[in-house]
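Just below is one structure, and these are the notes that go with it.
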Amino acid sequence: MGVFFLITHSTAKSIVLVRGETATYAVLNFQPQIDSQANSVEILGFQIRRGDERFTLEDLPISRVLSKSAKDDILYHTFEVDEDERSEYHEVDFEIPEYNESVRVHFRAVENDEYPDILFYEVEDTCGDWLPVENVLFSEMMTESFKRILETSAMEQLDDHNLDLLPMAAE
């Protein structure tokens, strides 16, 4: 008889703040996908709801974590402000507050020669290249330590109440 896994969710969650220099743009609530067995509990991944859609941490486009206010600030600071005050990029921090763990990502708004009347948002990857936000996954911009802290945050929230909600698989 083989071992089977029960993947489920609990009321535990890991919170990531999306912050600019002067504002918090969004609060992301990642729910852990948990494998619970008779003698162990393991986090297999995370899931998040954005609008009407659900994403895993691995398939969440970075464009889906930018709120309207974040896009407005990116647009203003990198495109609309007077040329002498304009920034090459706008910094957005993704922060796990209780652990003081964060990742800073650069965004900008740009024109496209092919569509001169439409502005596009780009994100700077770890190599310094600018890519359309639609082509970049959130997880690609996060460091391994950030992902480990996200798991730690969820594990620490698994108290007796949360564990009671999890079905335990027999081995």
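The values are calculated or read from the model by the stated rules, or taken from the named source; none is laboratory data. Please read all numbers here as calculations on a predicted model, not as lab measurements. Reconstructed Cβ throughout: ideal geometry from the backbone, glycine too, with neighbour counts over all protein chains shown. The area values use the complete protein model at the heavy-atom level, side chains included, leaving out ligands, DNA and RNA. Shrake-Rupley method; radii C 1.70, N 1.55, O 1.52, S 1.80 Å.
Anything in segment 34-77 that is within 16 Å of Phe138 (Cβ to Cβ), without any contact (Cβ under 8 Å) to a residue 40 or more places away in the chain and either charged (D, E, K, R) or in contact with a His (Cβ under 8 Å, 6 or more places away or on another chain) (or both)? List them, or say none.
Residues satisfying the conditions are Gln47, Arg49, Arg50, Glu53, Arg54.
Check every one of the strands (runs of 3 or more DSSP E) wholly within segment 37-127 and list those with 2 or more residues that are within 19 Å of Val27 (Cβ to Cβ).
40-50, 53-56, 90-96, 101-111
Just one of (1) open to solvent by less than 40 Å² (accessible area, probe 1.4 Å); (2) of a type in the set (Ser, Thr, Tyr); (3) part of a loop (DSSP other than H, G, I, E, B); (4) at pLDDT 75 or above trips up Ser10, so point out which.
In the conditions (1) open to solvent by less than 40 Å² (accessible area, probe 1.4 Å); (2) of a type in the set (Ser, Thr, Tyr); (3) part of a loop (DSSP other than H, G, I, E, B); (4) at pLDDT 75 or above, Ser10 misses (4) alone.
For segment 103-125, how many residues are among the hydroxyl-bearing types (Ser, Thr, Tyr) and in contact (Cβ under 8 Å) with a residue 12 or more places away in the chain?
Residues meeting the conditions: 1.
Can you give me the number of residues within segment 14-66 that are of a type in the set (S, T, N, Q) and surrounded by fewer than 14 Cβ atoms within 10 Å (Cβ to Cβ)?
4
Considering only segment 43-88, how many residues are hydroxyl-bearing (Ser, Thr, Tyr) and more than 16 Å from the chain's Cα centre (by Cα)?
Total meeting the criteria: 4.
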